[in-house]
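To start, the structure under review is shown below, and the notes come after it.
Derivation of every value follows stated rules applied to the coordinates shown; laboratory data play no part. Bear in mind the structure is a predicted one, so any value in this text is a computation, not a measurement. All Cβ positions, even for glycine, are placed from backbone atoms using ideal geometry, and neighbour counts span all protein chains on display.
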Amino acid sequence: MIYLAFGALAIGIVNGLGQALNYSRVDILQYFPGMRDYYQGLTVHGVVNAIVFTFAFANGFLSLTTSRALARPLNGSLLWAVFATMVLGFLLAAYAMGTGQASVLYTFYPPLMAHWSYYLGLALLVVSTWLTGINLLLGLRGWRKDNPGVRIPLMAFVSVATYAMWALASIGIAVSVVGLLLPWSLGLIEHSDPLLSRTLFWYSGHPIVYFWLLPAYVSWYMMVPKHAGGTLFSDQLTRIVFVLFLLLSIPTGFHHQYTDPGISTGMKAIHATLTFGVFFPSMVTAFSVMYALEIGGRRRGGTGLTNWFFKLDWKNPALVAQLLAMLTFTLGGITGLINASYNLNAAIHNTAWIPGHFHMTVGSAVTLSFMGIAYWLIPYLTKRELVGKGMALLSSWIYTAGVLVMARGLISGGLDGMPRRTLIMEAPYEKATWELAGMLTGLGGTLMFMGGGAFFAVLIGTVLFGKKSEGPVDIPFTETHHPPASSGWEVKLDRFRYWIIATIILILVAYLPFLIQYLPGNFTSTPYQFF
Amino acid sequence: MTTEKIEKVFLSLSAGMLLVFLVALFYSAFAMGIHLPDREGEIHPAEVRSTPPFDEPGVREVGPNQYEVVMIGSAWSFTPREVRVPAGAEVTFISTTTDVIHGVHVEGTRVNFMLIPGQISKITSTFREPGEHLIICHEFCGAGHHLMYGVLIVE
């Protein structure tokens with residue numbers, strides 16, 4: 001699964017280079033085999049990076065963390081079923097995209113209609129996450145039976161919380177894709193309802209960013225303190241953070257639809273408030289992870305207010321990639337808060353600012369973290385030593401420099417009205433200020449491509465030529481300074497059932513008023529295939 | 001200071017900062033009148049061009065210093081393509097699409113809204129400075145998406 005994840009990332013990064021250079025008006029897309037146009041490449045970029053790469057990595061990585069934390073194997077046939085579902089889903093979607101029958105981008109808003117295999121492929125990719133979720137729950141249930149009254153090990157708790165959140169969050173996209181769009185693309189339903197499908201998309205489309213992010217958080221909480229030689233401070237606070245993500249990730253989707261007609265401003269304001277709420281656990285994370293790093297830095301002889309930071313092990317590729325991921329995520333978080341800001345959003349909605357923002361979140365905080373994880377995970381899985389440690393370190397620095405330069409370009413262009421998802425180099429309109437923005441975007445994208453290339457060189461080198469070694473016998477994860485309480489209110493944190501019920505109530509508060517007003521919907525749109 | 005105390009201070013500061021931001025946002029929205037698109041009614045996408053007010057797209061004066069811009073988006077152009085309004089006037093955009101989802105961003109201003117088939121979009125703004133702004137379709141709407149634009153001229 002991890003290999004599938006990085007295979008998808010490779011395809012995505014190659015396409016990403018084409019998109020970044022579009023903004024600096026350099027056309028390399030014409031040299032890509034089988035690519036008809038920019039929008040086809042952009043669809044591939046979005047699907048393989050944001051869906052295949054992230055889903056495959058989460059499925060593999062969190063199955064491993066859960067199984068290790070519970071000290072019991074997960075169901076083997078279910079794991080193979082996950083892998084088979086993902087491969088099949090990927091092939092179906094790849095067929096549709098590769099033959100140019102699905103250039104509708106990864107948001108696939110109707111009434112633009114893709115080939116049915118695209119929707120079916122995406123649905124199967126979501127099913128693979130459900131199968132993984134079921135596997136984690138079965139593992140947890142078995143463990144509970146054998147360990148009555150014992151607190152769930154923290155690493156299993158955070159992994160299961162991630163999948164519990166996504167299980168509820170993916171309902172929207174499942175209803176839209178399986179219930180509406182797939183039958184529509186097969187000709188069984190004549191019309192689509194663009195606003196309803198868009199709303200269902202964003203019901204899943206915001207929490208999906210946490211499904212991308214939380215596996216990285218699992219690593220930041222559980223593994224980064226270990227790499228840094230520190231300890232995670234509070235078991236209880238970590239559990240609270242993941243419970244908050246479970247509760248607040250989903251009822252926030254309208255902040256992607258502030259500029260949509262047909263949704264009342266009152267509901268948009270409620271979602272804005274809840275979105276600010278879900279920012280809180282990320283602030284707590286900044287505190288907890290920094291504190292764990294500080295413990296590590298001081299143990300290595302760091303003193304004073306900031307000196308401990310420089311005493312960290314800057315020679316460990318797994319740690320450095322994730323430290324840099326946190327750095328870009330600070331900027332990603334701040335720009336995200338601006339996006340979520342009710343009316344401030346009007347200044348930047350659908351401009352190049354948005355990809356500027358999310359390349360500092362999913363495009364680096366998540367991607368760099370997953371690369372950092374790979375730097376210990378691949379040696380662990382293959383029992384080979386990492387080849388090219390220097391290059392591994394360098395790749396993270398180049399990638400980070402690239403993402404910062406690119407984001408600077410996209411963000412400044414966006415503030416000047418440069419639209420996202422647009423073949424700028426062939427647009428009949430332009431503004432003088434977009435020139436510098438476009439150059440920076442192209443330059444940054446090229447650096448990211450090079451950093452990604454160095455990463456893959458290390459990865460392939462390790463798998464093929466790495467020196468056989470006993471290697472790490474266990475995965476690196478931290479103890480907590482304050483262990484879990486065995487009595488008192490904290491024990492209730494482990495009752496997922498309650499949190500899931502509370503989450504469902506919040507979802508109903510956030511979406512029921514809209515659905516009551518809006519249903520049975522406005523199914524009047526005929527399909528279009530403008531590609 | 002014990003660590004638990006640092007923890008509490010940090011958490012309260014985080015929560016406090018977010019609350020201040022929220023208050024500022026809603027003050028600007030409700031006291032200063034910066035509004036988002038609301039529910040304005042539905043329309044059949046196939047009948048847009050024969051349904052008032054979209055049967056006569058264009059700019060019209062509807063009151064003292066008040067103007068309405070009736071605009072249709074369809075792949076891949078805006079009708080009308082050029083919009084002229086006086087500086088300082090209250091301008092209301094009433095808009096929809098005949099086919100797929102489009103976007104309308106009058107760059108350099110906060111006029112930024114989506115056109116969704118079946119829905120009517122409405123947003124009011126005032127342009128204080130004379131000048132020219134691009135009207136950009138900023139939602140992917142097919143192979144010719146980048147060709148779709150217009151111009152707003154504030155006189």
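At-a-glance table
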| read-out | value |
| --- | --- |
| For chain A, with +1 on Lys and Arg beta carbons and -1 on Asp and Glu, the positive-most of A:283, A:478, A:250 along the dipole | A:478 |
| Residues listed by number, the range A:338-372, amide nitrogen under 20 Å from residue B:110 label point at 7 Å toward C-beta | A:338-354 |
| Under Karplus coefficients 6.51, -1.76 and 1.60, residue-wise ³J(HN,Hα) of the range A:353-363 in Hz, glycine/proline x | 3, 5, x, x, 5, 7, 6, 8, 9, 5, x |
| Label-zone membership for the range A:142-170, site residue A:495, 7 angstrom Cα→C-beta point, backbone N under 13 Å | none |
| Charge dipole (debye, nearest 20) of the range A:333-451; +1 at Cβ of Lys and Arg, -1 at Cβ of Asp and Glu | 400 debye |
| On Cα atoms only, tilt of B:3-26 relative to the major axis of chain B in degrees | 30 degrees |
| Shielding by other protein chains, B:144-152, mean Cβ within 10 Å | 5 |
| Residue A:469-residue B:65 pseudo-label distance in nm [points 7 Å out on the Cα-to-Cβ vector] | 7.5 nm |
| Diffusion coefficient, µm² s⁻¹, Stokes-Einstein with Kirkwood Rh over alpha-carbon pairs of the range B:38-155 at 4 °C and 1.567 mPa s | 92 µm²/s |
| Burial ranking of peptide ranges A:341-347, B:43-49 (average Cβ count within 10 Å, highest at the top) | A:341-347, B:43-49 |
| Estimated distance in nm for a label pair at residue B:5 and residue A:300, the labels positioned 7 Å out from Cα along Cα-to-Cβ | 3.0 nm |
| Kyte-Doolittle mean at least 1.0 and Cα axial length at least 30 Å: DSSP H helices in chain A | A:2-23, A:76-98, A:317-339, A:389-415, A:434-465, A:496-518 |
| Value of relative contact order over chain A, rounded to a whole percent, pairs C-alpha under 8 Å and six or more apart | 20 percent |
| Cα-based Lys proximity count in the protein assembly as shown, under 29 Å, for pairs eight or more positions apart or on separate chains | 25 |
| In nm, spacing of pseudo-spin labels at residue B:44 and residue B:32 (7 Å Cα→C-beta vector) | 4.4 nm |
| Antiparallel bridge percentage (DSSP; both residues within the protein assembly as shown; nearest 5) | 65 percent |
| Point-charge dipole on Cβ atoms (K/R +1, D/E -1) for the protein assembly as shown, about Cα centre, debye to 20 | 2660 debye |
| R0 of 45 Å, Cβ-Cβ distance residue A:330-residue A:91: FRET efficiency to nearest 0.05 | 0.75 |
| Burial ranking of peptide ranges A:133-142, A:49-58 (average Cβ count within 10 Å, highest at the top) | A:49-58, A:133-142 |
| Equivalent ellipsoid dimensions for chain A as semi-axes, Å, which come from the Cα gyration tensor, largest first | 34, 29, 23 |
